[in-house]
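S.K.: Before anything else, here's the structure in question.
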Amino acid sequence: MGESNWLLNIFSEQDGHQLVLAPRRAGRLALWQLYQGEWRSDKDWPRMTVSDRLSELKYQRQQLFCCTYLSELLIQLLPMADAQPQLFQRFLTLLEAMQTPQALEPWLRIFEYQLLQALGFGFDWHQTVEGQPVQAELSYQFRAELGLLEIDARQSAGTDQTVPVMTASQSLPGQALLELADGAFNRRNLAVAKQVLRLALSQHLSKPLVSRQLFAMP
């Protein structure tokens, strides 16, 4: 690779997750911005030949933490060279939405759910793994790689001790699940979504996300 190039992780609308070389003489490319570019095949990685910046997005401290977190998710979870045009547009929408003064957590939870769906690991807030509709007055648990289980019915689905399962003390109110399905976010629902989505994502991550430590910084 030499010292004359940057090695970049990029997310392309047409070509998905790519590693490309960019010449250092072109200057440092800004993170989490939209570019229009071209690259050609080379011995190791594709080599970028031209790039034009199309966005001027500005980020504050918490927004930068969020961008770092999202980048780690995409780098670890997206297969190389697998086009995801809908997910690309949703990611761009999220980056643009973070420019406005509003709560960031609902946007993060929405994108995590969309990412799982796009990669084929999704689940339905509306129904259990047995295909039964979630009921507001009941309580549920989430089992990674399966989905939601009514607490009384959990044993009938079997228990694999190698798969993390939420304990009984982390039961999920059916009302909160139904509200999340309808896009209603309040403090309780966001806490439920965070528990479930973190467990769902953890099954597909090759290593812990370093960016999560940023949110604990004073």
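The values are calculated or read from the model by the stated rules, or taken from the named source; none is laboratory data. Note that this is a predicted model, so its numbers are computed, not measured. Because the Cβ atoms are built from the backbone with ideal geometry, glycine has one as well, and the counts that use them run over all protein chains shown. Remember, those area values only see protein heavy atoms, side chains included, never the ligands or the DNA or RNA. Shrake-Rupley method; radii C 1.70, N 1.55, O 1.52, S 1.80 Å.
Conditions (1) of a type in the set (Asp, Glu); (2) farther than 22 Å from residue 24 by Cβ, marked per residue:
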position: 34; (1), (2): no, no
position: 37; (1), (2): no, no
position: 40; (1), (2): no, no
position: 45; (1), (2): no, no
position: 52; (1), (2): yes, no
position: 57; (1), (2): no, yes
position: 74; (1), (2): no, yes
position: 82; (1), (2): yes, yes
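S.K.: Just one of (1) part of a loop (DSSP other than H, G, I, E, B); (2) surrounded by 17 or more Cβ atoms within 10 Å (Cβ to Cβ) trips up residue 43, so point out which.
M.R.: So residue 43 meets the others, but not (2).
S.K.: Does at least one position in region 161-171 carry a residue that is assigned to a loop (DSSP other than H, G, I, E, B), open to solvent by 40 Å² or more (accessible area, probe 1.4 Å) and at pLDDT 90 or above?
M.R.: Scanning region 161-171, I find no residue that is assigned to a loop (DSSP other than H, G, I, E, B), open to solvent by 40 Å² or more (accessible area, probe 1.4 Å) and at pLDDT 90 or above, so the answer is no.
S.K.: Can you find even one residue in region 18-26 that is of a type outside the set (Asp, Glu), in contact (Cβ under 8 Å) with a residue 60 or more places away in the chain and either closer than 22 Å to residue 121 by Cβ or open to solvent by 70 Å² or more (accessible area, probe 1.4 Å) (or both)?
M.R.: Taking every residue of region 18-26 in turn, at least one turns out to be of a type outside the set (Asp, Glu), in contact (Cβ under 8 Å) with a residue 60 or more places away in the chain and either closer than 22 Å to residue 121 by Cβ or open to solvent by 70 Å² or more (accessible area, probe 1.4 Å) (or both).
S.K.: Can we say residue 113 is within 21 Å of residue 200 (Cα to Cα), assigned to a strand (DSSP E or B) and open to solvent by less than 60 Å² (accessible area, probe 1.4 Å)?
M.R.: Answer is no for this residue.
S.K.: For residues that are open to solvent by 40 Å² or more (accessible area, probe 1.4 Å) and hydrophobic (A, V, I, L, M, F, W, C), tally how many sit in region 61-93.
M.R.: Of the residues in that region, 5 qualify.
S.K.: Still on this structure: Tally up the residues in region 186-218 that are at pLDDT 90 or above, among the polar types (S, T, N, Q) and open to solvent by 80 Å² or more (accessible area, probe 1.4 Å), please.
M.R.: Of the residues in that region, 1 qualify.
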